Amino acid sequence: MSAASTPRRRPLLSSRRLATIASHAYIWLCLILFVLPFLALLSQSLGQRGGASGLGNYAAVFGSFGDNLFWSFKITGLTLLIDLAACLPAAYALVRYPVPGKRLLFSLLQLPLYVPGAVIGLSLLLTYTFVYKIDSMWGLVLAMAVGSFPLMMTPIVVAMKDLPVMFEEASECLGATKWQTYRRIVFPLIGPGVSAGLLLCFIIVFNEYLVTLFVHPPALETAPLKVFNLVRTNGLAPTTAALAVTMQLISFLAVIVFFRIFGTRHFKGTYIL
Amino acid sequence: MTTVHLSNVTKHYGSTVAVQDFNLEVADGEFVTLLGPSGCGKTTTLRMLAGLVEPTGGRILFDDQEVTWLAPRARNIGFVFQAPALFPHMSVADNIGFGLSVKGRDKAFIRQRVDEMLDLVDLEGYGKRLPAQLSGGQQQRVALARVLATDPRVLLFDEPLSALDKNLRDTLKYSILELQRKTRKTAIYVTHDQSEAFAISDRIVVMNAGRIEQIGTQTDIYLKPRTPFVAEFIGANNGLNGTVVAVDGSGDDAVVRVDTGGLLLRRRGRTRLTPGQAVLAYIRPEDLSVLEDGDGRVHLNTIEGTIDRLIFEGASAQLRVEVAGVEMRADISGGQRLALVQREGRVRLGFDDVTLIPSEAEAGTAVVTDGVPDEAGPAA
Ligand SMILES: Nc1ncnc2c1ncn2[C@@H]1O[C@H](COP(=O)(O)OP(=O)(O)OP(=O)(O)O)[C@@H](O)[C@H]1O
Ligand SMILES: [Mg+2]
């Protein structure tokens with residue numbers, strides 16, 4: 001038998017190829033649009049103004065701005081701890097127990113997400129000065145916790161809801177206490193939700209300046225507040241840009257680290273990943 | 001050494017009655033199966049035994065200890081779920097050792113026990129794997145090992161094989177039985193699959209709508225069903241409504257005559273029935289045989305009907321015969337089933353055994369029940 005038909009030539013631009021090219025172009029367009037401001041900031045940070053230049057600007061970040069970065073880390077760390085301490089039990093109770101008005105409660109807890117930072121800051125400022133007279137960093141930490149905990153709560157609640165109760169039952173039937181069950185079964189299995197919450201909260205709290213503006217004690221200036229204040233008074237000096245770039249890099253690094261830790265090794269083969 | 005005792009155990013969910021007045025004694029080392037259609041309360045009963053559901057009323061005792069209100073962890077039970085429920089983030093070995101590790105046993109002991117258990121379920125060398133790297137059947141075996149590692153007093157199974165394919169189910173049900181025999185544990189097993197229940201149980205509890213219909217061995221519930229539900233749910237059956245016409249003789253030779261509105265049936269044996277009483281008469285399809293002309297066999301009952309159709313099933317054949325306006329099923333095996341393939345028209349059927357169950361139902365209706373097919377999932 002002879003197959004006499006001529007081989008069909010593949011068109012140079014099939015519709016599939018066109019679609020591929022278009023989607024790649026779209027991805028690159030998005031990337032450029034998003035990265036462009038960062039690149040502008042980066043070039044500004046390497047610029048020259050009054051003595052220091054280039055990488056010298058970054059020396060200033062860890063020199064004179066070191067304190068601001070330190071405060072940022074400290075405030076963020078404490079806020080994350082408070083968020084976790086509040087959200088882990090709350091999410092468990094909300095999902096596992098028949099709390100009356102569950103839906104409404106959950107919606108109410110989301111409220112801080114929809115309230116502008118300035119409003120939160122202002123109302124907390126009023127509360128603190130007139131009721132508690134808190135004048136330490138704890139006022140700021142609490143303000144941050146109030147504003148950010150829905151970001152921690154939501155992914156944990158979702159992870160809890162996705163976790164079949166069967167695992168907890170199996171654990172208890174094997175003789176584990178509630179606490180052992182939580183620590184060894186529930187917590188690892190909602191890990192991806194917890195890590196997502198930590199990541200979101202870290203990024204938001206670390207870069208937050210609006211709430212800080214209202215409730216920070218006079219002696220305390222976080223890195224984002226410093227950037228804000230400097231830009232307001234001096235315009236964008238290269239050293240200020242360098243601080244801003246550093247903060248960007250820290251946030252970016254946080255994302256990478258979280259995905260490294262929680263995205264692969266520990267949770268491979270788990271229910272969620 | 002553990003006996004299990006349930007007395008008047010009841011569970012209501014609002015107005016839903018899940019389990020009502022459940023009474024059962026399970027002897028030490030006995031394998032008891034709860035069998036019943038979907039939604040009859042099997043799982044609820046088992047979960048009350050485990051402490052995962054609090055009863056609305058009644059008492060549960062393990063030996064002499066009342067456990068009705070104890071938390072699951074205080075009961076020392078082994079619960080095998082429908083899904084293996086292995087902790088996905090732990091290795092097979094850690095899963096099996098979990099129950100010992102939460103009780104604070106030392107590492108060396110746990111390691112040794114884990115190896116023993118892996119050996120017991122034929123999974124040597126699988127300890128380091130994650131559950132996701134095992135097949136469904138292997139996972140269920142690990143679940144079994146995990147439960148046995150803690151040396152529980154009572155084993156509880158909630159349809160542990162229903163998620164597996166048929167071949168695996170067949171082999172695994174005997175592994176479960178073998179392990180139970182080897183470890184001499186008291187076991188309570190839930191299934192809706194009759195063949196599974198028949199294959200592995202010492203005794204079977206037939207449940208319906210939250211209540212116990214009958215407790216007995218395989219032969220008890222098959223040959224001597226006490227309620228219409230059991231007669232119709234277990235195996236295939238021909239059911240006829242009738243009225244007792246007369247009881248002739250007495251003792252083991254008594255003959256009850258029943259009029260089913262077209263057929264007169266006789267049953268020999270001791271009876272408490274009295275004339276005029278409404279009964280349900282059940283004839284097993286395999287008890288019916290086709291009588292050839294000149295057949296020497298003598299039967300207590302002979303009926304005549306028209307062949308409706310023959311369903312050839314290989315090893316046996318189902319003969320559907322219309323008798324006095326009622327369709328009856330006869331299961332024919334052996335050479336006769338081949339002879340019947342071409343047969344049409346009238347046929348004579350003979351049988352001796354009739355099960356009579358008193359009923360309050362109206363006479364004149366009839367049912368053929370084919371039992372629940374083994375392959376059926378929880379019926380809709
Ligand atoms: N948590 C619950 N809330 C309300 N009703 C329930 C609950 N659990 C079970 N029921 C009801 O109790 C009854 C018995 O349920 P159960 O799960 O014990 O049945 P089952 O015999 O195990 O059925 P299946 O073979 O389908 O597993 C059903 O009518 C069910 O709807
Ligand atoms: Mg069930």
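The values are calculated or read from the model by the stated rules, or taken from the named source; none is laboratory data. Note that this is a predicted model, so its numbers are computed, not measured. A quick note on method: Cβ atoms are made from the backbone with ideal geometry, for glycine too, and the neighbour counts reach across all protein chains shown.
Remarks
- Meets criteria (more than 16 Å from ligand 1 (Cβ to nearest atom), out of contact with any Phe, Trp or Tyr (no Cβ under 8 Å at 6 or more places or on another chain), more than 14 Å from chain A (Cβ to nearest Cβ) and over 22 Å from B:T191 (Cβ atoms)) for B:L61: yes
- Among the residues listed as A:L78, A:L31, the single one being modelled with pLDDT of 85 or more and assigned to a helix (DSSP H, G or I): A:L78
- Index of the failed condition, B:T171 passing every other in (1) surrounded by fewer than 19 Cβ atoms within 10 Å (Cβ to Cβ); (2) closer than 15 Å to B:M117 by Cβ: (2)
- Just one of the numbered conditions (1) modelled with pLDDT under 95; (2) within 14 Å of chain A (Cβ to nearest Cβ); (3) in contact with a Lys or Arg (Cβ under 7 Å, 6 or more places away or on another chain) is not true of B:M48: (1).
- Qualifying position, being out of contact with any strand residue (DSSP E or B) (no Cβ under 6 Å at 6 or more places or on another chain), over 30 Å from B:N301 (Cα atoms) and away from ligand 1 (no atom under 14 Å from the Cβ), among B:D202, B:D193, B:D253, B:D170: B:D170
- Qualifying positions in the stretch B:124-163 - surrounded by fewer than 20 Cβ atoms within 10 Å (Cβ to Cβ) and of a type in the set (A, V, I, L, M): B:L130, B:A132, B:L134, B:A163
- Taking the numbered list (1) within 21 Å of B:L52 (Cβ to Cβ); (2) surrounded by fewer than 20 Cβ atoms within 10 Å (Cβ to Cβ); (3) away from chain A (no Cβ under 12 Å); (4) among the charged types (D, E, K, R) in turn, B:K182 passes all entries but (1).
- Selection from the stretch B:48-61 of residues that are hydrophobic (A, V, I, L, M, F, W, C) and not in a loop (DSSP other than H, G, I, E, B): B:M48, B:L49, B:A50, B:I60, B:L61
- Neighbours by Cβ (under 8 Å, 6+ apart or cross-chain): first from the stretch B:81-92, closer than 16 Å to B:L144 by Cβ; second within 16 Å of ligand 1 (Cβ to nearest atom) and not in a loop (DSSP other than H, G, I, E, B): B:F81/A:M166; B:F81/A:E169; B:F81/B:D158; B:Q82/B:D158; B:A83/A:M166; B:A85/A:M166; B:A85/A:E169
- Only a single item in (1) within 14 Å of chain A (Cβ to nearest Cβ); (2) touching a strand residue (DSSP E or B) at 6+ places or on another chain (Cβ under 6 Å); (3) outside any helix (DSSP H, G or I) is not met by B:D151, and it is number (2).
- Filtering the stretch B:10-31 to residues that are away from chain A (no Cβ under 14 Å), of a type outside the set (K, R) and within 16 Å of ligand 2 (Cβ to nearest atom) leaves B:T16, B:V17, B:A18, B:V19, B:F22.
- Test for B:A50: is it of a type in the set (G, A, S), more than 16 Å from ligand 1 (Cβ to nearest atom) and crowded, with 16+ Cβ neighbours inside 10 Å: no
- Within the span defined as the stretch B:40-48, one or more residues are within 16 Å of ligand 2 (Cβ to nearest atom) and of a type in the set (A, V, I, L, M).
- Unmet requirement for B:T68, which otherwise passes all of (1) assigned to a loop (DSSP other than H, G, I, E, B); (2) within 11 Å of chain A (Cβ to nearest Cβ): (2)
Each row is one residue, and each column tells you yes or no for (1) in a helix (DSSP H, G or I); (2) closer than 18 Å to A:L122 by Cα; (3) within 14 Å of chain B (Cβ to nearest Cβ).
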site	(1), (2), (3)
A:T181	yes, no, yes
A:V205	yes, yes, no
A:V211	yes, yes, no
A:F214	yes, yes, no
A:V227	yes, no, no
A:T233	yes, no, no
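- Those residues of the stretch B:87-106 which are crowded, with 19+ Cβ neighbours inside 10 Å and either within 8 Å of chain A (Cβ to nearest Cβ) or under 28 Å from B:K11 (Cα atoms) (or both), in sequence order: B:F87, B:P88, B:H89, B:F98, B:G99, B:V102
- Condition met for B:A330 (touching a Pro at 6+ places or on another chain (Cβ under 8 Å) and part of a strand (DSSP E or B)): yes
- Selected residue (criterion: nearest to ligand 2 (Cβ to nearest atom)) from residues of the stretch B:228-243 that are assigned to a loop (DSSP other than H, G, I, E, B) and in contact with a strand residue (DSSP E or B) (Cβ under 8 Å, 6 or more places away or on another chain): B:I234
- Residue in the stretch B:7-47 that is farthest from ligand 1 (Cβ to nearest atom), counting only those that are touching a Phe, Trp or Tyr at 6+ places or on another chain (Cβ under 9 Å), over 17 Å from B:S201 (Cβ atoms) and part of a strand (DSSP E or B): B:S7
- Options A:P37, A:P7; residue that is at pLDDT below 90 and not in a helix (DSSP H, G or I): A:P7
- Hey, B:V347 buried (at least 19 other Cβ atoms within 10 Å of the Cβ) and either among the hydroxyl-bearing types (S, T, Y) or within 30 Å of B:F229 (Cβ to Cβ) (or both) or not: no
- A count restricted to the stretch A:112-138 and to residues that are modelled with pLDDT of 75 or more and over 22 Å from A:I75 (Cα atoms) stands at 1.
- Residue match in the stretch B:72-83 (condition: more than 16 Å from ligand 1 (Cβ to nearest atom), in a strand (DSSP E or B) and within 12 Å of chain A (Cβ to nearest Cβ)): yes
- Among the residues listed as B:L156, B:L144, the single one being in contact (Cβ under 8 Å) with a residue 40 or more places away in the chain, within 14 Å of chain A (Cβ to nearest Cβ) and in a strand (DSSP E or B): B:L156
- Of all residue pairs spaced 6 or more apart or on separate chains, those with beta-carbon atoms under 7 Å, a first member in the stretch A:175-196 that is more than 20 Å from A:Y97 (Cβ to Cβ) and a second member that is modelled with pLDDT of 90 or more and surrounded by fewer than 18 Cβ atoms within 10 Å (Cβ to Cβ) are A:G175/B:K103.
- Residue that is nearest to ligand 1 (Cβ to nearest atom), among those in the stretch B:107-141 that are within 12 Å of chain A (Cβ to nearest Cβ) and either among the charged types (D, E, K, R) or in a loop (DSSP other than H, G, I, E, B) (or both): B:L134
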